Amino acid sequence: MSFLKKETIFQDITKLKGVGSVLSKYLKKKRIEKIKDIIFNLPYSETDRSKISKLNELEIGKIQSIKVLVKKLNFPRIRNLPNKIVCEDDTGEIEIVYFNSREGYLRKIFPLNKWVVISGKINFFKKKYQMTNPDYVTNEENQEYVIKNIPKYGLTKGINEKKYRSISEQVIKNLPYISEWLDELFIIKNNLLNWNESIKKLHWTDDAKNIKSRSYRRLVFDEICANFLALSENRKRIKKEKIPKVFKNTISTKIIKELPFKLTKSQESVLNEINIDLKNPKRMFRILQGDVGSGKTIVSFLTIANVLENKYQCALMSPTEILSLQHFNLAKKIFNKINIRIEFLTGKTSYSKRKEILKDLAEGKINFLIGTHSLFQKKIKFKNLGYVVIDEQHKFGVKQRSDLAKKGGKNCDLLLMSATPIPRTMMMSLYGDMDISKINEKPSIRKTILTLSKPEKKINELWPFIKKNIKQQNQIFWVCPLINESQFLDYSSAKKRFDLIGKYFPKETGLIHGGLDKEERDKVLKKFLKKEIHILVSTTVIEVGIDFPDANLIIIENANKFGLAQLHQLRGRVGRGTDQGICVLLYKDTLSKNSIKRLKILKKTDDGFYIAEEDLKLRGFGDLIGYQQSGLKNFRFADPLIHEDLFKLAEAFIKKIESSEIEKYNFLLKLFDKAEIINVNDI
Ligand code: ADP
Ligand code: MG
């Protein structure tokens, strides 16, 4: 085998010797599809076969290597009986046992009266040492291939170590010659290693276990760079020239005057940032971050007003129908004195209405369209779309963002809004392609949510409290983590809870859970919105972002099972009006020290960003629910906590790369599957 070519490693694994269709299917299940995936499938440990043991010192049950003389081959003529080979050294005897193997093959690898080297698991059967189907058998000349530490890969059934090793070695031994994208001095200075050497070390030493080793750090640095580079290229591609928007804040000023509240300073300053972007000759690609309840919606409406003033069409998309409907109603109210046409489009819009909307949109008769992701189906054509706002966008990855930006057309500005607090260290990894605006204060009229905790066994103390709340026309959320009692997990079940609460408040209680379909769920939610019921028992599926101004009490069961950021999001559903919001965290008796710490943080502060940072420190990056969906799991090797220095280093490194040099990094981008985001095809 000669050295692989660069482009070869992006080909299918079946291009390797010994990988047929059966094996490739198995490997594909393990996410090994292309040859390069072998490079990234790091060993998790090693099998020590390095010592040749004498037969009188064997340990039963252990994998060991022996050097023995072949004394006798025994091939019974009765079916199903195993073939046996008797071997010895100067200290004793061992039987090598084979099921389902061909005689000719065994005769070849076990030549009579010759020494052989064997490695495998030692058994003891009928007072004799035995080895069944050894992992390796070789002659003395080739013993070096076996007598060593051999990397162990996470492949259990379907492929044995020897087979995988032969595949993996074809790649690792013959890594393509690449032109380094890091220069030598940089590598040394930052305690890294060159690419070829680091891959070899990761596979053939125990470096892969040490995420601070130079080789591992090199891999991590590459991964971060590929990510950041894709983001920064994406940004360059999106932030192209456009016709600057022209407006004088005529409509938006009117709206502000009629608001029942005064904008916060923070709202004013992000409003200003967005308006400047709209007037800029480059397209806007901005994310507006703000904790739950910080008032992002009105900010987006005010900027939409400006774009409408400039006679462009606008679109506002949110993830669910209910949320869209709420936005639609608010829009009608806010724009009621202005002569614009607003429409509402979701998957449920009737055929005829949809047809009418599509036609009028294309003719420019609709100015502002609000809805779910249906807004961006292929058939939907705008006449002159100038602005797209997307609410609660945290489920979009980089690729989707870039697709969305393309869809809007060249004069279209894009604003994403998110309430997911992203710790500072991760901002660049997630939103390196966007400009960032932050609302960092909440309306001052809003009181900080009072957060209490209570052991679950005192649940009965809650009933009078709930009764009082209902009397005052307050609404209550009751959150449980799972729908059905599980034998294995100590979760309360929403259904069981619903039945219990129903005993006390039969006409006041509704239940939504993941098992309900959308329509049933919406029905219950609407009932709650209309105040036909006062208590909503649910699993965590309560829609993000819906404004329930009269919900002031939330009870969260098994609070310690939720991430802090998630708990914070959950409690953000209450206290959105002027009344005091209360959050009660119920917990089981046994709370770990860590859990107590976490609950304390939550009680102490209402700052979602601070909470996210603390959560990260306490639970580590891998654990964070919520971030996983947010695309942070893009990283397979890098850990933002442990490799923080490399994140910073990569950020500085990427900033210095000119667009004209990007070709130098194409191989890197392809390695980490980032090429398609920015359409790098050739390397
Ligand atoms: P989020 O940022 O979570 O999307 P919303 O935009 O839904 O928050 O706002 C939550 C509530 O706060 C709404 O009822 C909204 O009318 C109100 N609100 C927004 N800005 C202010 C403000 N400056 N002062 C008082 N209330 C405000
Ligand atoms: Mg919102």
Per the 1/(1 + (r/R0)^6) rule, R0 = 60 Å and r from the Cβ atoms of Glu356 and Lys603, FRET efficiency to 0.05 is 0.70
Once the Cβ-Cβ distance between Asn196 and Asn139 is put in as r, and R0 is 41 Å, what FRET efficiency do you end up with, to the nearest 0.05? 0.85
Just want to confirm a number: the relative contact order over the chain, from Cα pairs under 8 angstrom separated by 6+ residues, in percent. 12 percent
What lysines could a cross-link reach from Lys5, if we take a straight Cα to Cα line under 16 Å and drop same-chain neighbours fewer than 8 places away? Lys15, Lys17, Lys34, Lys36, Lys173, Lys670
Express in nm, to one decimal, how much length is gained between Lys51 and Asn160 on full extension, taking 0.36 nm for each residue of separation and deducting their alpha carbon distance. 37.1 nm
Using packing as a proxy for protection, rank 286-299, 72-85, 168-181 so that the peptide with the highest average count of other Cβ atoms within 10 Å comes first. 286-299, 168-181, 72-85
Give me the percent of the accessible area of the range 51-147 that comes from carbon and sulfur atoms, probe 1.4 Å, all protein chains in place. 48 percent
With +1 on the Cβ of every Lys and Arg and -1 on the Cβ of every Asp and Glu, and nothing else charged, how large is the dipole of the chain about its Cα centre, in debye rounded to the nearest 20? 1540 debye
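Could you sort 422-429, 219-226 so that the peptide with the highest average Cβ count within 10 Å comes first and the rest follow in order?
219-226, 422-429
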Determine ³J(HN,Hα), in whole Hz, for all residues of the range 365-376 in sequence, where each value follows from phi through the Karplus function 6.51 cos²θ - 1.76 cosθ + 1.60 and θ = phi - 60°; x replaces Gly and Pro. 7, 9, 9, 9, 10, 10, x, 8, 4, 4, 4, 10
Can you compute the helix-only [θ] at 222 nm over the chain? Use -39500 (n - 2.57) per DSSP H run of at least 4 residues, normalise by all residues, nearest 500 deg cm²/dmol. -10500 deg cm²/dmol
Excluding residues fewer than 8 places away in the same chain, name every one of the aspartates and glutamates whose C-alpha is closer than 18 Å to that of Lys379. Glu343, Glu356, Asp360, Glu363, Asp403
Burial ranking of peptide ranges 305-316, 323-334 (average Cβ count within 10 Å, highest at the top): 305-316, 323-334
Compute the label zone of Arg341 within the range 270-309: residues whose backbone N is under 18 Å from the point 7 Å along Cα-to-Cβ. 308-309
Modelling each spin label as a point 7 Å along the Cα-to-Cβ direction, I'd like the Asp589/Lys28 distance in nm, to one decimal. 5.3 nm
For the chain, longest principal axis from Cα atoms; helix 644-655 axis from its Cα atoms; angle between them, nearest 10 degrees, is 70 degrees
Over all directions, how big on average is the projection of the convex hull of the alpha-carbon atoms in the range 336-389, in square nanometres? 4.0 nm²
Using the charge dipole of the range 450-605 (Lys, Arg: +1 at Cβ; Asp, Glu: -1 at Cβ; taken about the Cα centre), state which of Cys480, Asn552, Asn594 has its Cα farthest towards the positive end. Asn594
Global form of the range 51-147, assessed from the alpha-carbon gyration tensor, a/c cut-off 1.5: oblate
Calculate the dipole size of the range 450-605 relative to its Cα centre from +1 charges on Lys and Arg beta carbons and -1 charges on Asp and Glu beta carbons; express the result in debye to the nearest 20. 540 debye
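In whole percent, and with a 1.4 Å probe on the protein chains, what portion of the accessible area of the range 309-463 is carbon and sulfur? Before the final figure, lay out the partial values.
Numbers: 3760 of 7050 Å².
Carbon-and-sulfur percentage of accessible area, whole number: 53.
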With all protein chains in place and a 1.4 Å probe, Glu363 shows an accessible area in Å² (nearest 10) of 80 Å²
FRET efficiency for Asp90 and Lys209 from the Cβ-Cβ distance with R0 = 41 Å, rounded to 0.05, comes out at 0.65
A correct Kirkwood calculation over the Cα atoms of the range 250-439 returns a hydrodynamic radius in Å of 16.8 Å
Members of Lys503/Lys600; Lys296/Lys597; Lys114/Lys162; Lys381/Lys655 lying beyond 26 Å, as alpha-carbon distances in this model show: Lys503/Lys600; Lys296/Lys597; Lys381/Lys655
Working out 0.36 nm times the residue gap between Arg636 and Ile60, then minus their Cα-Cα distance, what length gain in nm do you get to one decimal? 203.6 nm
Any idea what the relative contact order of the range 51-147 is, in percent, if you count C-alpha pairs under 8 Å spaced at least 6 apart? 29 percent
Measuring with a 1.4 Å probe in the full set of protein chains, what accessible area per residue, in whole Å², belongs to the chain? 49 Å²
Among Gln170, Phe186, Ile122 - extreme Cα towards positive end, dipole of the range 122-201, charges at beta-carbon: Ile122
Taking the Cα-to-Cβ direction at Lys378 and at Lys5 and moving 7 Å from each Cα, how far apart do the two end points lie in nm? 3.5 nm
How many percent of DSSP beta bridges within the chain run antiparallel, rounded to 5? 35 percent
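In nm, what is the difference between 0.36 nm times the number of residues separating Glu651 and Leu618 and their Cα-Cα distance?
Here the answer is 9.4 nm.
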Extending each Cα 7 Å along its Cβ direction at Asp547 and Phe124, get the distance between those two points in nm, one decimal. 7.7 nm
As a quick test, which of the pairs Lys236/Lys353; Lys348/Lys383; Lys265/Lys468 have an alpha carbon distance above 32 angstrom in this structure? Lys236/Lys353; Lys265/Lys468
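The values are calculated or read from the model by the stated rules, or taken from the named source; none is laboratory data. Every value quoted in this text rests on a predicted model; they were computed, and no experiment measured them. Heads up, the Cβs are rebuilt from the backbone with ideal geometry, glycines too, and the neighbour counts pull from every protein chain shown. Surface accessibility is based on the protein's heavy atoms, side chains included, excluding ligands, DNA and RNA. Shrake-Rupley method; radii C 1.70, N 1.55, O 1.52, S 1.80 Å.
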